[in-house]
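Data block below; observations after.
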Amino acid sequence: MKIARHFLLPLSLIPASFAMASDTEYPLALINCGTEISFSSAPEGVVTVGQSATEILYSLGLYDRVLGTSVWFNPVLPEFSEVNAGIERLADNDPSFEAVVNRRPQLVAAQYEWHVGPTGSVASREQFHELGIATYVMPADCDTKDNSTGGDGTRTAAFSPAHVYKGITELAAIFDVQEAGRALVTELEAREADAIAKAESLELPQDLSAVFWFSSPDSSVDPYVAGRLGSPGYMMEKLGIQNVIQSDEEWPIVGWESIARSDPDLIVIARMDRRRFPADDIEEKLDFLHSDPVTQEMTAVKNGNIIEMDAHAMSATMRTIFGLESLADALTTLSFER
């Protein structure tokens, strides 16, 4: 099977002044997730609410500006483990508004609007702005996405890494490290193209299908699985895999009986350190799949076609590219005889 090779043009989503300039001209103003924000100079200190923003700032060489972090799904990227160990973790999950403010940041960079947004679990953007603290929400969580629907939101169009690259480039402009931003985007684009090329070389079944299982409130209840327009949907589309879940919701709840009737060839399960739900534990997921009378009869379970992936790669982050790589690598090791 031949899969069309795609090359993204992410800078088409980024203001020309950011794409071409070598240095940031202040004051800098931009619209971020529907909110106008401005900077008279590069922020001296930032608190991150979300692993995506944290790892992007580290990748841009800005770890000396990070005053505190929060909301972690997986261990930090190995190359930043030493740096990260020296920066305060305000919370594994949601930090309090007071904990963020007490670090006296000039900027709060958030991964999700449901943490910092109209009804943010940490605070609204207005609450921070009233204190003179700027906010930035990663565009991948609001571009082509409606977060007013509740839960994890609903995609209005398919996720593209271009929205992650937009966030990288805008943060690089805010902190006046635009060359570092361009270098990071270029690296990620190259890794994406290589992963797609690897899948192109495989003789995959034309109707190969999969389901991505993030977690479940309890192993006995219906799981949170990936809708068709989010980050996992992007991975599947790029590698020629059909998503058996056709919902536009980011992470809809779907019954195992319905999933079993679709009988996907692959089951991709999230691996994470977070422990909000019992099924956050990957061993709980594996035990359930092999012991439940419905799931143990699924083709993917019988054939051992269960792939583990970092949970953070299943979110709309730069780690999505790493997830694409790991999925392409896994496809080279599996058999799809029926």
*Pulled fully out, how much extra length does the chain show between I253 and T156, if you take 0.36 nm times their separation in residues and subtract their Cα-Cα distance?*
33.1 nm
*For R89, which sequence-distant residues (separation of 5 or more, or a different chain) have an amide H within less than 5 Å of its own amide H, given hydrogens modelled in the peptide plane?*
T69
*Folded to 0 to 90 degrees: helix 178-200 orientation relative to the chain principal axis, Cα*: 10
*Mind listing the long-range amide H neighbours of E308? Cut-off is under 5 Å, sequence gap 5 or more, other chains count too, H placed in the peptide plane at 1.01 Å from N.*
I269
*Which value does Rg/Rh take for the range 201-338 over its C-alpha atoms, Rh per Kirkwood?*
0.92
*asked:* Explain nothing, just the number: dipole magnitude of the chain about its Cα centre with +1 on each Lys and Arg Cβ and -1 on each Asp and Glu Cβ, in debye rounded to the nearest 20.
replied: 340
*Can you list the HN-Hα couplings for the range 30-40, worked out from phi with the Karplus curve (6.51, -1.76, 1.60; θ = phi - 60°), rounded to whole Hz and with x for Gly and Pro?*
7, 9, 10, 6, x, 10, 7, 10, 9, 9, 7
*Which whole-Hz ³J(HN,Hα) couplings does the range 62-76 yield from phi under the Karplus relation 6.51 cos²θ - 1.76 cosθ + 1.60, θ = phi - 60°, glycine and proline marked x?*
9, 4, 6, 8, 7, 8, x, 10, 6, 6, 10, 9, 10, x, 4
*asked:* Output the 0 to 90 degree angle, nearest 10, between the alpha-carbon long axis of helix 161-174 and the longest principal axis computed from the alpha carbons of the chain.
replied: 20
*Dipole magnitude (debye, nearest 20) for the range 139-249, charges at Cβ of Lys, Arg, Asp, Glu*: 80
_Gap separating the Cα centres of the range 115-193 and the range 254-304, nearest whole Å_ = 31
*Is the shape of the range 46-161 rounded, prolate or oblate, going by the alpha carbon gyration tensor and its root eigenvalues a ≥ b ≥ c, with a/c under 1.5 for rounded and a/b larger than b/c for prolate?*
oblate
_If packing is taken as the average number of other Cβ atoms within 10 Å across a peptide's residues, how do 39-51, 287-299 rank, most packed first?_
39-51, 287-299
*With the other protein chains left in place, how much accessible area per residue, in square angstrom, belongs to the range 124-171 at a 1.4 angstrom probe?*
33
*Between S215 and residues 5 or more places away or on another chain, which pairs have amide H atoms under 5 Å apart, with H built 1.01 Å from N, and which residues are they?*
Y224
*Rg in Å to one decimal, and Dmax rounded to a whole Å, for the chain via C-alpha atoms*: 20.0, 62
*Mind running the shape call on the range 91-233? Use the C-alpha gyration tensor, a ≥ b ≥ c as the square roots of the eigenvalues: rounded below 1.5 for a/c, prolate if a/b tops b/c, oblate otherwise.*
oblate
*Using θ = phi - 60° and the Karplus curve 6.51 cos²θ - 1.76 cosθ + 1.60, what whole-Hz ³J(HN,Hα) does each residue of the range 317-327 get, with Gly and Pro shown as x?*
9, 5, 5, 4, 5, 5, x, 4, 4, 5, 5
*Rounded to the nearest 5, what is the percent of antiparallel bridges among the DSSP beta bridges in the chain?*
30
*Between D218 and T186, what FRET efficiency follows from the Cβ-Cβ distance if R0 is 41 Å, with the result rounded to 0.05?*
0.40
*Per-bin percent of Cα-Cα distances, the range 32-94 [5 Å]*: 4, 17, 29, 24, 14, 8, 4, 0
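The values are calculated or read from the model by the stated rules, or taken from the named source; none is laboratory data. These numbers come from a predicted model, not from an experiment. Note: ideal-geometry Cβ built from the backbone for every residue, glycine included; neighbour counts use all protein chains shown. Only protein heavy atoms, including side chains, enter the accessible area calculation; ligands, DNA and RNA are left aside. Shrake-Rupley method; radii C 1.70, N 1.55, O 1.52, S 1.80 Å.
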